[in-house]
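J.: Submitted below is the structure of interest, expressed as structure tokens.
The values are calculated or read from the model by the stated rules, or taken from the named source; none is laboratory data. Predicted model, so just to flag it, every value in this text is computed and none were measured. Backbone-built Cβ (ideal geometry, glycine too); neighbour counts: all protein chains shown. Only protein heavy atoms, including side chains, enter the accessible area calculation; ligands, DNA and RNA are left aside. Shrake-Rupley method; radii C 1.70, N 1.55, O 1.52, S 1.80 Å.
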Amino acid sequence: MLLRVGILLLLLPLIVVAQRPLVIENVTLVDGSGGAPTFNATVIVLGGRIAVIGEGGTYQISGDPQVIDGQGKTLVPGIINLHGHVGLTKGLVQAQENYSRDNVIDNLRTYASYGVTTTTSLGTDMEAVLGVRNDVNRGSLPGLARVRTALHGFTTPDGYPTKAPGVKGLALEVSTPAEARQHVDGLAAKGAELVKMWVDSHHGAFEKLKPSVYRAIIEQAHERGLLAVAHLYELADAKLLVEAGLDMIVHSVRDADVDRGLIRRLLARGVTYSPTLTREQSTYAYADVPDWLADPFFTRGVNASLVDELRTTLRDTQTKDPELEINRENFRMAMRNLKTLSDAGVKIGFGTDTGPPARFAGYFEHWEAELMVEAGLTPMQVIVSFSKNASEALGIDRDFGTLAEGKVADMILLNSNPLGNIRNLRDIHTVFIGGQPVGR
């Protein structure tokens, strides 16, 4: 490896790039593949991509490189979030009036500051997200997380979650396969990268999307080169959706323990399962006034008046919620099912459902990582879930995900090693998106 790196480094002065080269020396590299870390690594970034990964060695680079001594530090991939929402919320208010280019940009800046380098916005977007996405991808909006969008999600007429603030009119309420296919074509034409479906009766309060309709959505999505993902709740629906060709489950099964039937289907079709544990815990956590409301890592991303609202108004709301105990049990079931599926070899992807009120972009991704470890996964498995597995689930692994030569340099330099304690993922020295440092 040293010889190969030395040969490549001799060639580096011949490469001309506009972006200042970046060199991180003497760093512990956890590349996201699940393999053992590389100690005393040298990582060289040219033109926003990783040009060389070596173990020590000498190098010569023209262009006034930025050199960072990584002694005692760990380099990990940037976090890819498979389930979020952008643009619709300000403070604790979710409304279409909030949706703007500026609010999408603000959300993506917050994600990036916490090390989330790509997020996936699922089903409640307006078209402002498309311009921001394109500007971020072409490099004209630096310092923001990348975003992939489903634009409008699918549900049945007056189905879940059309009663949630701001969602009516964004969710596509469809009743026939033909109507569903037409809408998928429209989303593809506008530039969506995924289709999202809600298949959830919310404990019998809503009609669910019919199997004939969601089969048509999935088939048409694949015909148009789009991924098909689903919000679901029940084990039976998970089995039927996977059989219909679903690519990704973006919530936990919460009505029952998962069984061999679902595991067999997930493994046979290579479906990714994203548990969104923080989403479940956030439905009741404020009733208990969590300690992290005073955590500087949390409060740096919100204002003091919002924290006061969480401590008072939301606490009272959740305390009086008639589904409080159901929500607690949903979380316990989600934790148990994650461990079962992971142990069975199901591909676990990282997602949080951040963005709606009281589900805070950036901070919750770190909380999700900690909950996944609490559920029984190792820190390495969590890192793989937000790098290798998440990039493969989105079909972007050629350029993103793991840290490897030729890939885009979306990465987090940490002051301490998360493999020993996943909370060290919070100990951020610098976030890099496309090799460029992100401000906090």
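J.: Given the chain, what percent of its DSSP beta bridges are antiparallel, to the nearest 5?
T.: 45 percent
J.: Using heavy-atom solvent-accessible surface (probe 1.4 Å) with all chains present, what is the largest-first order of V289, V93, V271?
T.: V93, V289, V271
J.: Projected onto the charge dipole of the chain (+1 at Lys/Arg Cβ, -1 at Asp/Glu Cβ, origin at the Cα centre), which of V167, V23, M380 gives the Cα projection farthest towards the positive end?
T.: Result: V23.
J.: What residues qualify as long-range amide H neighbours of Q19, i.e. H under 5 Å apart, gap of 5 or more or another chain, H built at 1.01 Å from N?
T.: Hits under the 5 Å cutoff: G47.
J.: Counting only heavy atoms of protein chains, what accessible area per residue, in Å², does the chain have with a probe of 1.4 Å?
T.: 38 Å²
J.: For the chain, what class follows from the C-alpha gyration tensor (a ≥ b ≥ c being the square roots of its eigenvalues): rounded when a/c is under 1.5, otherwise prolate if a/b is larger than b/c, else oblate? Walk me through the intermediate numbers first.
T.: Numbers: a/c = 1.67, a/b = 1.53, b/c = 1.09.
Prolate, since a/c reaches 1.5 and a/b exceeds b/c.
J.: Karplus couplings for the range 172-178 from phi (6.51 cos²θ - 1.76 cosθ + 1.60, θ = phi - 60°), rounded to Hz, Gly and Pro as x?
T.: Whole-Hz 3J(HN,Hα) from phi for the range 172-178: 8, 9, 10, 10, 10, x, 5.
J.: Assign one of three labels to the range 295-397, namely rounded, prolate or oblate, based on the Cα gyration tensor with a ≥ b ≥ c the square roots of its eigenvalues; rounded applies when a/c is under 1.5, prolate when it is not and a/b is larger than b/c, and oblate otherwise.
T.: Cα axes put the range 295-397 in the oblate bin.
J.: Please work out the Cα center distance from the range 267-292 to the range 76-139, rounded to the nearest Å.
T.: For the range 267-292 versus the range 76-139, the Cα centre distance is 19 Å.
J.: Under a point-charge model restricted to the Cβ atoms of Lys and Arg (+1) and Asp and Glu (-1), what is the dipole moment magnitude of the range 139-254 relative to its Cα centre, in debye to the nearest 20?
T.: 280 debye
J.: Still on this structure, please answer the following. Which loop-located trypsin sites (Lys or Arg not before Pro) does the range 137-221 contain, where loop means any DSSP state but H, G, I, E or B and the Cβ has at most 14 other Cβ atoms within 10 Å?
T.: K163, K168
J.: List every residue whose amide H lies under 5 Å from the amide H of V67, counting only residues 5 or more places away in sequence or on a different chain, with H placed 1.01 Å from N in the peptide plane.
T.: V23
J.: Taking the Cβ of R336 as the center, what net charge do the other residues with Cβ under 15 Å away carry, scoring Lys and Arg +1 and Asp and Glu -1?
T.: Residues close to R336 contribute a combined charge of -3.
J.: Quick check: with the 1.4 Å probe, what order do I326, I50 take by accessible area, largest first?
T.: Sorted descending by solvent-accessible area, the residues read I326, I50.
J.: Taking all protein chains in place and a 1.4 Å probe, what share, in percent, of the accessible surface of the range 17-97 do carbon and sulfur account for?
T.: 45 percent
J.: Shifting gears a bit: What dipole magnitude, in Debye to the nearest 20, does the chain give about its Cα centre under +1 on Lys/Arg Cβ and -1 on Asp/Glu Cβ?
T.: 620 debye
J.: Calculate one ³J(HN,Hα) per residue across the range 404-421 by plugging θ = phi - 60° into the Karplus curve 6.51 cos²θ - 1.76 cosθ + 1.60, and present them in order as whole Hz with x for glycine and proline.
T.: Listing the rounded values in order: 8, 4, x, 8, 5, 8, 9, 7, 10, 8, 9, 7, 8, 8, x, 5, x, 7 Hz.
J.: Antiparallel versus total DSSP beta bridges in the range 43-139: what percent is that, nearest 5?
T.: Values: 6 of 10 bridges.
Counting DSSP beta bridges with both partners in the range 43-139, the antiparallel share is about 60 percent.
J.: A further question on this structure: How large is ³J(HN,Hα) for each residue in the range 358-364, as worked out from phi by the Karplus curve 6.51 cos²θ - 1.76 cosθ + 1.60 (θ = phi - 60°), to whole Hz, x for Gly and Pro?
T.: 6, 10, 8, 4, x, 4, 5
J.: May I pose another question? By how many degrees, 0 to 90 and rounded to 10, does the Cα axis of helix 2-11 deviate from the longest principal axis of the chain?
T.: Tilt of helix 2-11: around 80 degrees.
J.: By how many nm would the segment from S175 to R269 lengthen if fully extended, with 0.36 nm per residue of separation less the alpha-carbon distance? Provide the component values of the computation, followed by the final result.
T.: Working: separation 94, 0.36 × 94 = 33.84 nm, distance 2.72 nm.
Once the chain is fully extended between S175 and R269, it gains 31.1 nm.
J.: Enumerate the amide H contacts of T354 below 5 Å, restricted to partners 5 or more residues apart or on another chain; note that Pro and chain-start residues carry no placed amide H.
T.: Distant-sequence amide H within range of T354: H85.
J.: Lysines within cross-link reach of K190: Cα-Cα under 26 Å, excluding same-chain residues under 8 positions apart?
T.: K90, K163, K168, K210
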